[in-house]
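Please read the structure below before turning to the comments.
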Amino acid sequence: MSSMRIIVLTALSMLAFAGNSVLVRMALTYTDIDAASFTTIRLISGALVLLVVARMSNKTGRVQGSWWSAAALFVYAAGFSFAYVRLATATGALLLFGAVQVMMIGYALWVGERLSRLQVAGLLLAFAGLLLLFLPGLSSTPPLGSALLMIGAGVGWGVYSLRGQGVGDPIGISAGNFTRALFFTLILSAVLLNQLSLDRAGIYYALASGALMSGLGYALWYMVMPALKTSNAAIVQLSVPLLAAVGGIVFLGESITLRLALASSAILGGIALVILRRSTAQIEQ
């Protein structure tokens, strides 16, 4: 794969991941669709696209996956939608990304990895940014309930990512997981049937989020990941909250407060220190 193709596919993947935040926020702000229906339509359309891609790329035609991974995927997708009912685009993306990375780093510690002093400093910086974000008494403090939902979504995505590490056919397995996740999201929609609310624009946003940003976005990312070093793949994802923030400004007229900018710098900078030091240590070993 040429360098230019790697750059283009990586950029498209990051734009797709950030685009999910923008589309969900737009749908739940400007349309009448409810969060449960958005989640269901998103997962259905994502599953259909991934099934098509998997059939085209997998000569055996096998679609795999697991129920545990599907449950983690559902926790992510549902928490993501319900959190964005009240969270700003940039805040939601930052909380999601931070929770995913903390989950991944926490797992590394659980299995015996040790942090250097620089990594500890990075974690402390990231947590200081999180504390700044939730400092009480300021009007720009994000709603606690919505923030916890987004952190839960990040934990779900972290679990999903950990379970998918090193799999041989990521697209086929993702197709199977998305398909299985429909079981959970259809139950959620049935439980919340009295809150059912649909409109044409909201459905279009959900279809775009599932088919384009999720289905095709993940397919592109899985194509380019083998060509990237592990450290590069992790670092490039630092751009997602920043791209989501730009999308929130352009498409939703949101503003970036000084506190959010400082908190973002601390959280993303701290995580970058941990990731970079981990990759350096792995090379030295």
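The numbers here are math on the coordinates, done by the rules we state, and not lab data. Given the structure is predicted, the values throughout are model-derived calculations rather than measurements. Please note: Cβ atoms are built from the backbone with ideal geometry, for glycine as well, and neighbour counts cover all protein chains shown.
All C-alpha pair distances within the chain, sorted into 5 Å bins from zero, spread as 1, 6, 11, 17, 19, 17, 14, 9, 4, 1, 0, 0 percent across the bins.
Here the extension length gained between residue 235 and residue 121 equals 39.3 nm, from 0.36 nm per residue of separation less the Cα-Cα distance. Using alpha-carbon positions, what is the distance between the centroids of the stretch 253-271 and the stretch 96-172, in Å? If you average the Cα positions of each part, the centres end up 15 Å apart.
The ranking of 38, 80, 184 from fewest to most other beta carbons within 10 Å of each one's beta carbon is 184, 80, 38.
Fully extending the segment from residue 276 to residue 193, taken as 0.36 nm per residue of separation minus the present Cα-Cα distance, adds 25.2 nm. Scanning the chain for helices, which whole DSSP H stretches are 18 Å or more long along the axis (Cα) and average 0.5 or more by Kyte-Doolittle? Helices meeting the criterion: 3-30, 35-57, 67-83, 89-110, 117-133, 144-163, 170-191, 239-252, 258-284. Gain on full extension, evaluated as 0.36 nm per residue between residue 182 and residue 257 minus their Cα-Cα distance, stands at 23.2 nm.
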